[in-house]
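Heads up, the thing below is written out as structure tokens.
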Amino acid sequence: MSHEALGNLLRIGQLKSEPFDALEFDRLLKMAQSRLADAQIVDLSNEGRFTSAYSAAHAAALAALRWHGYRSENRFTVFQCLAHTLGWPSHKWRVLDAAHQKRNLAEYEGYWDIEESAIAEISSLLPELIAATQKLKTHIG
């Protein structure tokens, strides 16, 4: 994990320094697990399942960033920082970055073209993302 890269993002204003909060970390992980469960409800619309999967990914990725003592106002930065917070390779965090772009099209332009494959791709990464983030907790204090 690259603390230097996170420090560089802090210096250019992409991240803000904020002390770690264990309660917030636990809440974000609980939210990630809950949203993952929602994403797996086949009776929900594709839009609902996608939104739940995306929210789960963001909550877990944000928890990892918060564990390192940072916060970002940009959701895409939270996903891109997975390379530095969890050591994730680009082919994994880029799936989440692409989901962010789909989410923006939906939220800001009303363009909901969510395929089952997009939901499956995000959902397949979520257990690993949540587990890796939970593992950070064993390194606290």
Somewhere in the range 44-54, is a residue within 15 Å of residue 125 (Cβ to Cβ), of a type in the set (Gly, Ala, Ser), out of contact with any Pro (no Cβ under 9 Å at 6 or more places or on another chain) and touching a residue at least 24 places away in the same chain (Cβ under 8 Å)?
yes
Out of the range 52-78, which residues are modelled with pLDDT of 90 or more and either farther than 22 Å from residue 17 by Cα or among the aromatic types (Phe, Trp, Tyr) (or both)?
52, 53, 55, 56, 67, 70
How many of the residues making up the range 1-23 are in contact with a Lys or Arg (Cβ under 6 Å, 6 or more places away or on another chain) and either acidic (Asp, Glu) or assigned to a helix (DSSP H, G or I) (or both)?
1
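Residues checked against (1) over 19 Å from residue 10 (Cβ atoms); (2) touching a Lys or Arg at 6+ places or on another chain (Cβ under 9 Å):
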position: 81; (1), (2): no, no
position: 84; (1), (2): no, no
position: 88; (1), (2): yes, no
position: 110; (1), (2): yes, no
position: 115; (1), (2): yes, no
position: 119; (1), (2): yes, yes
position: 123; (1), (2): yes, yes
position: 131; (1), (2): yes, no
Kindly provide the set of residues from the range 55-88 that are β-branched (Val, Ile, Thr) and within 10 Å of the chain's Cα centre (by Cα), ordered by number.
77, 78
All but one of (1) more than 12 Å from the chain's Cα centre (by Cα); (2) in a helix (DSSP H, G or I) hold for residue 35; state the number of the condition that does not hold.
(1)
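Which of the residues belonging to the range 96-131 are touching a Leu at 6+ places or on another chain (Cβ under 6 Å) and either closer than 20 Å to residue 36 by Cβ or at pLDDT 90 or above (or both)?
Just the residues of the range 96-131 that are touching a Leu at 6+ places or on another chain (Cβ under 6 Å), to begin with: 111, 126.
Listed by number, the list holds a single entry, 126.
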When only residues in the range 20-43 that are surrounded by fewer than 14 Cβ atoms within 10 Å (Cβ to Cβ) and basic (Lys, Arg) count, which is nearest to residue 125 (Cα to Cα)?
30
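The values are calculated or read from the model by the stated rules, or taken from the named source; none is laboratory data. Since we're looking at a predicted model, the values are computed, not measured. For neighbour counting, all protein chains shown are included, and Cβ atoms are generated from backbone atoms with ideal geometry for every residue, glycine included.
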